[in-house]
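**Q** One structure, pasted below without further comment.
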Amino acid sequence: MFGSFRVGIMGAGKIAEVMADTLKGMRGVTCYAVGSRSQEKADDFAKRFGVKKAYGSYAELVSDPKVDLIYVATPHSEHFENCKLALSAGKNVICEKAFMLNEKQAADIFKYAEEKNLLLTEAIWTRYMPLRTKLTEVISSNVIGEPTMLTANLGYNIVYKDRINQPALGGGALLDLGVYVLNFASMVFGNDVADIASICTYNDLGMDMQDSITLRYRNGKMAVLNATALASSDRKGIIYGPKGFIVVENINNPESITVYNSEYKKIAEYNRPKQISGYEYEIEACIRAIKEKWLECPEMPHSESLKIMNMMDFIRRSNNIRFPGEEAYEEKNSDGNNNSVPDAGADVISQPGGAAGADDPGNAAAGSPDSGDNLQSGEADQGDQGRDNSAPGAEGTDAE
């Protein structure tokens, strides 16, 4: 449909493997190149997935003139520099979730991409999937009335992974798993959030291992969200209305949408269409955007990535969670009006914990805004492919 389109993968971890396998099953697209920090690792990856070019550095990868799109599959902590490297070489980029460490980085890199007149989009795969459109249609049909509340959870036992534990890798459950529940809420209720209340538990390095988040919207709707890196959850998203409710099975890779009436009887069900892995939809979206010379994908426009990053900044600030070098980056790149955290952050009442040094960081209570009136408003779950379902998203980051 689009002719021969060549994708280069930056990183050679698990998530990169899923993408390479997905590209093999797509028409008109090829996994043309892979770049790693190790030539040996790149060669091994290329051999296993039939990739034509293997590069032992990211600089070599982005310098290949035949690459049409770079897929960034590295740890959160590396996303900004990796995306900037690719963009500076004139490459269109799709970057894994969580898009950046914070909103400031996201705003800066989007601005850079626009200056370069290149596509840059976030690979939050649930935004691109067909069931996302179907869910919008079902809600708009008024079958359950006007929704007033939703709940969503995502949990995997991945506490043993370095990228979850280590501050230097942008660790914690929020950026890895919480990003999905926040995106689910955003897709259903939008982003006109008035208040955020959150609490988390920490590991001994101050990274959040479990997050409980409540959003109150200006129109009175509410979203109650949970993410954990300590346990497996049912991964359900449930949307409640006066005439019934909707259950989404597996918000990380939606499998079905089931509608129930107010008498708790199933009245409709919509199943996921056959897919390679689910990653194909974000690549197809990128190809369409590049063909049309768009600088963003309508499925996940820059404004949506910025709003999600903004909320995660606010939640981290409320819970006293910082990543190494954030302050230095913000100071170096500040224009005098640091927007890396919401305006409402000034009203946060927080009880120190985690990285801030609580006596018992494992049970420290996190803050929530008094008033959010000023608030500016993760994927390798391939059960159908027989892959390990235990770790979504960052399971595949290339933490070389």
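The values are calculated or read from the model by the stated rules, or taken from the named source; none is laboratory data. Just so it is clear, the model here is predicted, and its values are computed rather than measured. FYI the Cβ positions are ideal-geometry reconstructions off the backbone, even for glycines, and counts take in every protein chain you see. Quick note on the areas: whole protein, heavy atoms, side chains included, nothing else; ligands and nucleic acids left out. Shrake-Rupley method; radii C 1.70, N 1.55, O 1.52, S 1.80 Å.
**Q** Take the stretch 214-231 and flag every residue that is part of a loop (DSSP other than H, G, I, E, B) and touching a strand residue (DSSP E or B) at 6+ places or on another chain (Cβ under 6 Å). Lay out the reasoning, then the answer.
**A** Step one: filter the stretch 214-231 for residues part of a loop (DSSP other than H, G, I, E, B), giving 218-221, 229-231.
Listed by number, the residues that qualify are Arg218, Ala229, Leu230, Ala231.
**Q** Select from the stretch 206-237 the residues that are among the basic types (Lys, Arg) and either open to solvent by 50 Å² or more (accessible area, probe 1.4 Å) or at pLDDT below 95 (or both) and list them in ascending order. Lay out the reasoning, then the answer.
**A** Let us first name the residues in the stretch 206-237 that are among the basic types (Lys, Arg), namely 216, 218, 221, 235-236.
Correct list: Arg216, Arg218, Lys236.
Here's the yes/no breakdown for (1) open to solvent by 30 Å² or more (accessible area, probe 1.4 Å); (2) part of a loop (DSSP other than H, G, I, E, B); (3) among the basic types (Lys, Arg); (4) farther than 30 Å from Thr201 by Cβ:
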{"residue": "Thr133", "(1), (2), (3), (4)": "yes, no, no, yes"}
{"residue": "Glu146", "(1), (2), (3), (4)": "yes, yes, no, yes"}
{"residue": "Leu150", "(1), (2), (3), (4)": "no, no, no, no"}
{"residue": "Tyr160", "(1), (2), (3), (4)": "yes, yes, no, no"}
{"residue": "Ile164", "(1), (2), (3), (4)": "no, no, no, no"}
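**Q** Residues of the stretch 252-280 being under 26 Å from Ala73 (Cα atoms) and crowded, with 21+ Cβ neighbours inside 10 Å, which ones?
**A** So in the stretch 252-280, the residues under 26 Å from Ala73 (Cα atoms) come out as 252-255, 272-280.
Across the stretch 252-280, the qualifying residues are Asn252, Asn253, Pro254, Ser277, Gly278, Tyr279.
**Q** Same structure, new question: Tell me, yes or no, whether the stretch 8-15 has at least one residue that is surrounded by fewer than 22 Cβ atoms within 10 Å (Cβ to Cβ) and farther than 23 Å from Lys291 by Cβ. Give the steps one after another, and end with the answer.
**A** Start the filter on the stretch 8-15 by keeping residues that are surrounded by fewer than 22 Cβ atoms within 10 Å (Cβ to Cβ), which leaves 14.
Subsequent filtering for residues that are farther than 23 Å from Lys291 by Cβ retains 14.
Within the stretch 8-15, one or more residues are surrounded by fewer than 22 Cβ atoms within 10 Å (Cβ to Cβ) and farther than 23 Å from Lys291 by Cβ.
**Q** Select from the stretch 172-197 the residues that are surrounded by 24 or more Cβ atoms within 10 Å (Cβ to Cβ) and part of a strand (DSSP E or B) and list them in ascending order.
**A** Val193, Ile196
**Q** Quick one: is Asn142 on the phi > 0 side of the Ramachandran plot, outside any helix (DSSP H, G or I) and open to solvent by 20 Å² or more (accessible area, probe 1.4 Å)?
**A** Details: on the phi > 0 side of the Ramachandran plot: yes; outside any helix (DSSP H, G or I): yes; open to solvent by 20 Å² or more (accessible area, probe 1.4 Å): yes.
Criteria met by Asn142.
**Q** Please go through (1) at positive phi; (2) modelled with pLDDT under 80 for Lys293 and return the number of the only condition it doesn't satisfy.
**A** Among (1) at positive phi; (2) modelled with pLDDT under 80, Lys293 violates only (2).
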